[in-house]
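Trainee: Dumping the structure here so I can ask a few things about it.
The values are calculated or read from the model by the stated rules, or taken from the named source; none is laboratory data. Every value quoted in this text rests on a predicted model; they were computed, and no experiment measured them. Note that we place each Cβ from the backbone using ideal geometry, even for glycine, and neighbour counts take in every protein chain shown.
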Amino acid sequence: MSERPLSHDMVIRSLAMRHWNETVDDARAVDALEQGKVLFLPSLAFPLSTEELTLLTPDLVDPKRKNISFNAQNGKLNGVAQAEKKAQVQALLQRHHDYACQLVSSLLPEYKSALHSPVNSLRLHPITVWRDATSWRKDDTRLHVDAFPSRPNHGERILRIFTNINPHGESRCWRVGEPFPVLAKRFIPRLKRFSPFSSWLQNRLGITKSYRSHYDHLMLQLHDTMKGDENYQQQGPQVTLELPAGSSWICFADQTPHAAMSGQFMLEQTFLLPVAAMKNPDNAPLKILQKLTQRTLI
């Protein structure tokens with residue numbers, strides 16, 4: 001596959017932030033994020049107490065789950081294997097959520113009032129454990145854009161804030177791929193046709209939590225087709241990023257092709273954002289896919 005190589009400058013924008021509530025005078029940060037770049041905060045660490053450091057063990061995670069998750073909106077905590085540690089884990093994740101909200105207020109104030117459906121996670125397993133024990137569709141070491149199989153989001157953006165909390169100084173390694181408009185144009189001819197009846201039936205049977213729109217169908221197909229293309233995984237345009245312990249980064253995970261290759265111990269906060277709340281809605285995957293297909297997708 002002959003491609004113009006990507007450079008680091010094409011996929012990442014670095015910002016010198018040391019505090020989660022630090023005021024940043026950089027209007028271009030939002031522009032870079034909405035264009036699909038990773039906002040990299042190399043000096044933005046999440047502090048852990050001595051007691052919290054004892055939680056950094058995979059044994060804490062329910063064997064039936066990939067990660068521990070927490071919804072700050074309803075206080076629901078899932079995935080903790082040790083009942084006596086639940087209160088401590090919830091306090092940690094609540095504090096992480098609060099820090100993430102401070103970061104949004106300081107760096108992305110345009111989004112503050114529109115973000116919703118917060119869920120954050122404590123990821124304790126080495127990436128290699130899940131790579132070796134899962135199917136190719138769930139293998140996040142393959143380049144992909146995020147799409148929810150059971151939770152259609154009808155075009156809303158998936159904003160994610162990541163922090164490497166590895167206590168041993170180990171970096172997290174990511175691969176980041178080509179701009180979404182190029183990616184979508186490449187794969188659209190290969191995506192399966194949308195069936196409204198199939199979407200209705202899956203919702204009726206409880207397979208999905210709501211009706212899977214044409215947009216959600218295309219995004220899920222894009223996710224699967226990318227992951228299933230071995231040649232694209234190896235030869236497609238991509239850049240490797242080393243994300244050190246004590247650093248944070250932000251991206252729209254539904255737009256930025258990414259793959260987590262190595263690392264262990266991370267905190268991650270997810271929000272949903274309506275397309276209308278973006279500075280430039282035309283950069284949204286929904287708008288790009290509608291333009292390419294010449295269809296209304298939601």
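Trainee: So which strands (runs of 3 or more DSSP E) stay within the range 111-197 end to end and still have 3 or more residues that are among the hydrophobic types (A, V, I, L, M, F, W, C) and surrounded by 15 or more Cβ atoms within 10 Å (Cβ to Cβ)?
Mentor: Those strands (runs of 3 or more DSSP E) span 157-164, 172-177.
Trainee: I'm trying to understand the selection: among the residues of the range 28-50, which are out of contact with any helix residue (DSSP H, G or I) (no Cβ under 7 Å at 6 or more places or on another chain) and either farther than 19 Å from H97 by Cβ or among the hydrophobic types (A, V, I, L, M, F, W, C) (or both)?
Mentor: R28, D31, A32, L33, F40, L41, P42, S43, L44, A45, L48, T50
Trainee: Given the criterion in contact with a Pro (Cβ under 6 Å, 6 or more places away or on another chain) and at pLDDT 95 or above, identify the matching residue among G75, G79, G36.
Mentor: Details: G75 fails: in contact with a Pro (Cβ under 6 Å, 6 or more places away or on another chain); G79 fails: in contact with a Pro (Cβ under 6 Å, 6 or more places away or on another chain).
Of the residues listed, the single one that is in contact with a Pro (Cβ under 6 Å, 6 or more places away or on another chain) and at pLDDT 95 or above is G36.
Trainee: Here is a further query. Within the group N283, N231, which residue is in contact with a helix residue (DSSP H, G or I) (Cβ under 9 Å, 6 or more places away or on another chain), among the polar types (S, T, N, Q) and closer than 30 Å to S171 by Cβ?
Mentor: Exactly one residue qualifies, and that residue is N283.
Trainee: What are the residue pairs meeting all of these: first residue in the range 58-70, first residue touching a residue at least 12 places away in the same chain (Cβ under 8 Å), second residue among the acidic types (D, E), Cβ atoms under 9 Å, and 6 or more apart or on different chains?
Mentor: N67/E268; I68/D62
Trainee: Another question, then. Of the residues I188, I207, I161, which single one is touching a Ser or Thr at 6+ places or on another chain (Cβ under 9 Å) and closer than 30 Å to L41 by Cα?
Mentor: I161
Trainee: Ok, one more. Consider the range 1-27. How many of its residues are out of contact with any helix residue (DSSP H, G or I) (no Cβ under 9 Å at 6 or more places or on another chain), modelled with pLDDT of 95 or more and over 28 Å from Y232 (Cα atoms)?
Mentor: Residues in the range 1-27 being out of contact with any helix residue (DSSP H, G or I) (no Cβ under 9 Å at 6 or more places or on another chain), modelled with pLDDT of 95 or more and over 28 Å from Y232 (Cα atoms): 1 in total.
Trainee: Taking into account only those residues within the range 35-79 that are among the charged types (D, E, K, R) and surrounded by fewer than 19 Cβ atoms within 10 Å (Cβ to Cβ), which is nearest to Q238 (Cα to Cα)?
Mentor: By that ranking, first place goes to K66.
Trainee: Can you work out which of the residues in the range 249-262 that are out of contact with any helix residue (DSSP H, G or I) (no Cβ under 6 Å at 6 or more places or on another chain) and of a type in the set (G, A, S) is surrounded by the fewest Cβ atoms within 10 Å (Cβ to Cβ)?
Mentor: By that ranking, first place goes to A253.
Trainee: If you check Q238 against the conditions, is it in contact with a Lys or Arg (Cβ under 7 Å, 6 or more places away or on another chain), at pLDDT 95 or above and under 20 Å from L292 (Cα atoms)?
Mentor: no
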